[in-house]
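Heads up: the structure comes next, in structure tokens.
The values are calculated or read from the model by the stated rules, or taken from the named source; none is laboratory data. Because the structure is predicted, anything quoted here is derived from the model rather than measured. Glycine gets a Cβ as well: all are built from the backbone with ideal geometry, and neighbour counts include every protein chain shown. Ligands, DNA and RNA are excluded from the accessible area calculation, which covers all protein heavy atoms including side chains. Shrake-Rupley method; radii C 1.70, N 1.55, O 1.52, S 1.80 Å.
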Amino acid sequence: MATYSQTLRTARQQDFERLMGILARYSIHIILIVWSLACLLPLLLVVSASLTDEIALTRNGYGLIPSQFSTEAYTFVLQDPTAIVRAYGVTIFNTLVGTVLGVLVMSMLAYPLSQPDFRLRRPLSFFVFFTMLFNGGIVPFYILMTQYLKLRNNILALIIPHLVGVWYVLILRTYFAGLPRELLDAARVDGAGEWRIFFAIVLPLSKPALATIGLFVALGIWNDWILALYFISDANLYPLQYLLQILLANANVIANMRQLSTQAIPLQTMRMAMAVLATGPAAIFFLFFQKYLVRGITLGSFK
Amino acid sequence: MDIHVKEGQIAAAPAAAPNRMQRGLTTMRGQHFRRNLTWFLMALPALIWIFVFKYVTLFGVVIAFQDYKGRRGISGSDWIGLKNFEFLFATDSAVRATRNTVTLNLMFIAIGLVVALLLAWLIFEIYTSALTKFYQTMLLLPRFISWVIVSYFVFALLSTDNGVINKFLESIGRDPVAWYNSSEFWPMILLTVVLWGGAGIGSLIYLSGMLAIDPQLFEAAKIDGASKWQQYRFITFPMLKPLIVINLLLALGGIFSADFGLFYQVPRNQALLYPTTDVLDTFIYRSLIELQNVSMAAAANLYQSLVGFGLVLAANWVVRRIESQDEPLSLF
């Protein structure tokens, strides 16, 4: 009898717990859905604004659904797409060259540092990783770039500073150190030189790590505007993000143009359209490769 | 004695009579040297880069003690001792920028850690769900967006005349707020933006840490009747501790430097917002580019670097004191 009621009670308790469990799961999903939407909606706000009629936007304000649909902003931007096409060209060039060169140069440093037989491993590791603790900062860097390397208004100023990231070298070194040593030693016994081993064995075996670091470097270059802010004043060399920043910061310039021009410039919606044109393709591209980013976060968090 | 003689003989042997084995050894040594040389040549491009951009620039900090003139260069400029620092701290802006940098960073670190852990825990609890992938993608999305674009939509939200928030305030009968003129709201606005941008990626770090925990631990705890909170408190949290400590250490070391993109773009460099949004990095930028006062910028820069370095050392020292032998947490 006692056992029966006991069983009953535990059964009821279990039901209760199960119910609570389901409730908890639903609340978790609700919180995460809200957070996910919060990540997405601000971007949709920009897209929606770019597709809204300029006057309607001024009257009704920004909203998630265009209060009055219009593609005027895009027509206006694409009327003379020279600036945006050029900026796209500059950014794509920087990203491609910078990513390939950067990943290559960093791997070439990380590989020797990952080899226990390398005599200079310890001193060079210190030389490399000490820079994570102390650096001169932006002012000496600015002086170096402008006064000594003379890179003002030079496209290299947007690429070279991105080539090496000490943190990425650290990740690559850890990854290379995990490659099967027997494989490298076997190749050495067979008479393969270190360059050959590096290009024919190490790099092909490290594709996931290279893709991850490559994605980080590419993202860094693609989204960079700070170097342009410091070193570029020639409009022909504006990268995409800097063009956007100029467009947002110099509202007065464009507003003045509006008074002079006979045609009304859809100022606000035009800016938003530019933002969409500049970000859209890249965001889709990067989302496509996001698994490498997730992997990189994990790589970076352990060692 | 006998043994010593033998050792001496062996050591002397190579010079006396090189045999086949010995020749093999020297070629191996030669190979070893060649290999080391190749490795060094491989590393050279990146080493040169690091030397130029990280070490040569270290010497550049001497500008902080000079009356630097661009056309005269570092070697030709006059030395003026600590005058730049006196000048720097005579202005309220440097002190204000320091205060803003530290307090805002502390707030971002503390709240950011709690939110990231919470999000990671939530995803962990429903990890088997089909929606997990969607959540992870959405949480990562802000990572792909540059600060320039963030400033665009923050503007769409906060624009005084037709921003979403002011339209909403109007619709419920409240007065609109001139957000870009009211500095008191900006710590909260910046915190929101930081959490929006960073909590997702932070949570994924902790999530991967949670997934690495042996599930049997949780099973055993469940059988022993541990509640979810107890499981978190006694299994998840202790297992994540190394990761949390490392991240906190890095963050605390960087407490003196602010994310320039965030602070330059999102408040849109509005002078009225400086009381709560001007940080050392934006202050240095303005001194350098807008005011063209290279020496003062260099002084602020050196002050920032030195205190930052001190903080990394201090944080590492603290961790070394509290870490246990079998679980080293410190960086060096």
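Which residues' amide hydrogens lie under 5 Å from the amide hydrogen of B:Gln66, considering only partners 5 or more residues apart or on another chain, with H built in the peptide plane?
B:Ile80
Can you tell me the order of A:39-49, A:178-188 when each peptide is scored by its average per-residue count of other Cβ atoms within 10 angstrom, highest first?
Order by mean packing, descending: A:39-49, A:178-188.
If you roll a 1.4 Å probe over the heavy atoms of the protein chains, what accessible area per residue do you get for the protein assembly as shown, in Å²?
50
For chain A, calculate the relative contact order in percent as a whole number, restricting contacts to Cα pairs under 8 Å that are 6 or more residues apart.
27
For B:150-160, what's the mean count of beta carbons from other chains sitting within 10 Å of each residue's beta carbon?
6
Peptide A:81-87: average number of partner chain Cβ atoms within 10 Å per residue? Could the numbers behind the result be given before it?
Numbers: counts 0, 0, 0, 0, 0, 0, 0.
Shielding by partners across A:81-87 averages 0.
Rounded to a whole number, what % of the accessible area of the stretch B:114-203 do carbon and sulfur atoms account for, probe 1.4 Å? Don't skip to the answer; put the middle values down first.
Details: 2350 of 3550 Å².
Looking at the stretch B:114-203 in its full context, I get 66 percent from C and S.
Would you look at the GNM of chain B, springs on alpha carbons closer than 10 Å, and say which of B:Tyr274, B:Tyr303, B:Tyr135 moves the most?
B:Tyr135
Which of the residues in the stretch A:274-289 show a loss of at least 20 Å² in accessible area from their chain by itself to the complete set of protein chains, at a probe of 1.4 Å?
By number: A:Ala275, A:Thr279, A:Ala283, A:Phe286, A:Leu287.
Return the long-range amide H neighbours of A:Thr52 (sequence gap of 5 or more, or a different chain), with a cut-off of under 5 Å between placed amide H atoms.
Amide H to amide H, under 5 Å and 5 or more residues apart or across chains, A:Thr52 pairs with A:Ser70.
On a 0 to 90° scale, report how tilted helix B:294-322 is relative to the longest principal axis of chain B, with both axes built from alpha carbons and the result rounded to the nearest 10.
70
With the Cα gyration tensor of the protein assembly as shown in hand, give its eigenvalues times 5 under a square root as the equivalent ellipsoid semi-axes, listed largest first in whole angstrom.
For the protein assembly as shown, the ellipsoid semi-axes come out as 46, 38, 25 Å.
Nearest 10 degrees, 0 to 90: what angle lies between the long axis of helix B:186-211 and the longest principal axis of chain B (Cα atoms)?
On a 0 to 90 degree scale, this one is about 40.
Where is the GNM fluctuation largest for chain A (alpha-carbon springs, 10 angstrom cutoff): A:Gln241, A:Gln147, A:Gln268?
Result: A:Gln147 has the largest fluctuation of those listed.
Can you compute 3J(HN,Hα) from phi for each residue in the stretch B:165-176, using the Karplus curve 6.51 cos²θ - 1.76 cosθ + 1.60 with θ = phi - 60°, rounded to whole Hz and x for Gly and Pro?
Calculated HN-Hα couplings, in order: 5, 5, 4, 5, 4, 4, 5, 9, x, 9, 6, x Hz.
Please determine, in degrees from 0 to 90 and to the nearest 10, the orientation of helix B:147-158 with respect to the longest principal axis defined by the Cα atoms of chain B, where the helix direction is its Cα long axis.
Helix B:147-158 sits roughly 20 degrees off the main axis of chain B.
Given R₀ = 51 Å, what would the calculated FRET efficiency be for B:Arg233 paired with A:Leu183, taking r from the Cβ atoms and rounding to 0.05? Kindly include the intermediate steps, with their values, before the conclusion.
On the way: r = 44 Å, r/R0 = 0.87.
Computed FRET efficiency for B:Arg233 and A:Leu183 comes out at 0.70.
Pull out a ≥ b ≥ c, the square roots of the eigenvalues of the alpha-carbon gyration tensor of the stretch B:92-322, then state rounded if a/c is under 1.5, prolate if not and a/b is larger than b/c, and oblate in the remaining case.
oblate
Suppose each label sits 7 Å from its Cα in the direction of the beta carbon; what would the B:Asp175-A:Ile284 distance come out to in nanometres?
So the label points at B:Asp175 and A:Ile284 sit 4.6 nm apart.
What number in nm² do you get for the stretch B:20-79 if you take the convex hull of its Cα atoms and divide its surface by four?
Mean projected area for the stretch B:20-79: 6.2 nm², to one decimal.
Zone of B:Tyr55 (label point 7 Å along Cα→Cβ, backbone N under 13 Å): which residues in the stretch A:124-143?
Once the point is set 7 Å along Cα→Cβ of B:Tyr55, A:124-131 turn out to lie under 13 Å by backbone N, inside the stretch A:124-143.
When chain B is modelled as a GNM with alpha-carbon springs shorter than 10 Å, which of B:Ala315, B:Ala90, B:Ala297 fluctuates the most?
B:Ala90
Taking each residue of B:256-266 in turn, how many C-beta atoms of other protein chains fall within 10 Å of its C-beta, and what is the average?
Partner-chain Cβ atoms within 10 Å, mean over residues of B:256-266: 2.
Can you spot the lysines whose alpha carbon is less than 22 Å from B:Lys69's alpha carbon? Ignore those fewer than 8 places along the same chain.
Partners within reach: A:Lys150, B:Lys83.
Per the helix-only calculation at 222 nm, which mean residue ellipticity applies to chain A, given -39500 (n - 2.57) for every DSSP H run of n ≥ 4 and division by its residues, nearest 500 deg cm²/dmol?
-22500 deg cm²/dmol
Scanning chain A for helices, which whole DSSP H stretches are 30 Å or more long along the axis (Cα) and average -1.0 or more by Kyte-Doolittle? Don't skip to the answer; put the middle values down first.
Details: long enough: A:2-50 (71 Å, 0.80); A:82-114 (47 Å, 1.44); A:267-288 (32 Å, 1.45).
The answer, listed by residue number, is A:2-50, A:82-114, A:267-288.
Which entries in A:Lys207/B:Lys228; A:Lys207/B:Lys133; A:Lys207/B:Lys222; B:Lys133/B:Lys167 show an alpha-carbon gap greater than 31 Å?
Distance filter (> 31 Å) returns A:Lys207/B:Lys228; A:Lys207/B:Lys222; B:Lys133/B:Lys167.
Starting from the 7 Å offset along Cα-to-Cβ, what nm value, one decimal, do you get for the label separation of B:Leu41 and B:Ser182?
6.7
Roughly what would the spin-label model give for A:Arg25 and B:Met107, points 7 Å off Cα along C-beta, in nm?
3.9
How would you classify chain A from its alpha-carbon gyration tensor, with a ≥ b ≥ c the square roots of the eigenvalues: rounded for a/c under 1.5, else prolate if a/b is greater than b/c, otherwise oblate?
Oblate, since a/c reaches 1.5 and b/c is not below a/b.
State, as an integer percentage, the relative contact order of the stretch A:81-249 based on alpha-carbon contacts under 8 Å between residues 6 or more apart.
Relative CO of the stretch A:81-249 lands at 42 percent.
Rounded to the nearest 100 Å², what's the accessible area chains A and B bury against each other, both chains counted, probe 1.4 Å?
Roughly 8500 Å² of accessible surface disappears when A and B pair.
Give me the number: length gained by fully extending B:Ile48 to B:Glu219, i.e. 0.36 nm times residue separation minus the C-alpha to C-alpha distance, one decimal in nm.
This chain segment gains 56.3 nm when fully extended.
First select every other residue whose beta carbon is under 12 angstrom from the beta carbon of B:Leu262; then total the charges, Lys and Arg +1, Asp and Glu -1.
Counting the neighbours of B:Leu262, the net charge comes to -1.
Which value, in Å² and to the nearest 10, is the accessible area of B:Ser75 when all protein chains are kept and the probe is 1.4 Å?
Looks like 120 Å² after rounding.
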